[in-house]
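The values are calculated or read from the model by the stated rules, or taken from the named source; none is laboratory data. All values reported here derive from a predicted model rather than from experimental measurement. Neighbour counts are summed over all protein chains in view; Cβ atoms, including those assigned to glycine, are modelled from backbone coordinates with ideal geometry.
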Amino acid sequence: MGRRRRTIETLTLTALLSLLALSGSVAAQSVNRELIDDLEYQLLYVALPLTLFVLLILVYAAVKFHDNDDPQPTTEDPALEITWTAATAIILLFVGLSGYTVLVSPYVSPSQSADIDRSQQGFDSFADLPDTGDEEVYVTGYQWEWQASYPGTNVTTEDEIVIPANESVTIWLTSEDVIHSLFVPDLAIKQDAFPGRYTRARTVAYEPGRYNVVCAEFCGSGHSWMDAELVVLEPDAYEQWLAENEGTVTETPQPE
């Protein structure tokens, strides 16, 4: 009796935790985060009923057959085997299509000149890169800091990256020494920076604010403190900040 009760309590707790996860969602702060969160919830909507169904079968079998002293092998049932095979195929197809729609998004997998070999293609600097039509920021990784510059201006920031809110932004990345990886967890931005190459990350940030940036690729003894901040400003405030800091290496402003 005690074992049966514990099983039912575990089932109930699992269902409650899953429902709390669904009800506890908050508004995404970037288009990247929105795409990934939507995918996670789609998969959760499928996984939750399947998990509960399997647990119910487990509880039923444990209760019904717990005192069976003469178990018999399962009889063949072609219809049942075809049913669960088809159901599994449908579920996997749904998971694959859901994942594919996110992976092909230009904000999750930028396709236009997303990985450029500097030496082979004759690109000597960020200025040689193709125009993306986005607001652009050039970011270089060093051991152990990030440096950002802003095309069309003479503004440079260290360990802080400033972008406008509610606009498509391309962050071009490279490294001057070893492989680094720019990771902004709250905005779901993650892209590697390679020496001798340019890679591209894209986003639209919805909420002005300051977001933590870390290096997600081990890059030496100073890796653990290679952090920075990504600052999102309203478009007018962003333009004003660029104009006020022309020709300087500056600290970034506090967003309103």
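Name the pairs whose Cβ atoms lie under 9 Å apart, with the first residue in segment 148-172 and at positive phi, the second among the aliphatic types (A, V, I, L, M), and 6 or more positions between them or separate chains? Close Cβ pairs (under 9 Å, with a partner that is among the aliphatic types (A, V, I, L, M)) amount to G152/L242; D159/A148; D159/V213; D159/M226; D159/A228; N166/V204; N166/A205.
Assigned to a helix (DSSP H, G or I), at pLDDT 85 or above and among the β-branched types (V, I, T): is that true of V63 in this structure? So V63 passes the test.
Per-residue answers, yes or no, for (1) farther than 23 Å from P130 by Cα; (2) in a strand (DSSP E or B):
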| site | (1), (2) |
| --- | --- |
| T157 | no, yes |
| V162 | no, yes |
| E167 | no, no |
| I171 | no, yes |
| V178 | yes, no |
| S181 | no, yes |
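For first residues located in segment 91-102 and free of Cβ contacts under 8 Å to residues at least 60 places away in the same chain, partners that are surrounded by 13 or more Cβ atoms within 10 Å (Cβ to Cβ) and assigned to a helix (DSSP H, G or I) and lie 6+ apart or on another chain with Cβ distances below 7 Å form the pairs I91/V46; F94/V46; V95/L43; S98/L39; S98/Q42; S98/L43.
The set of residues in segment 198-211 being within 25 Å of W225 (Cβ to Cβ) and either part of a loop (DSSP other than H, G, I, E, B) or touching a helix residue (DSSP H, G or I) at 6+ places or on another chain (Cβ under 7 Å) (or both) consists of T203, A205, Y211. If G133 meets every condition in (1) closer than 17 Å to P235 by Cβ; (2) in a strand (DSSP E or B) apart from one, which number is that one? Here G133 clears every test but (2).
Determine whether E239 is more than 18 Å from W144 (Cα to Cα) and surrounded by fewer than 18 Cβ atoms within 10 Å (Cβ to Cβ). Here the answer is yes, as E239 does meet what is asked.
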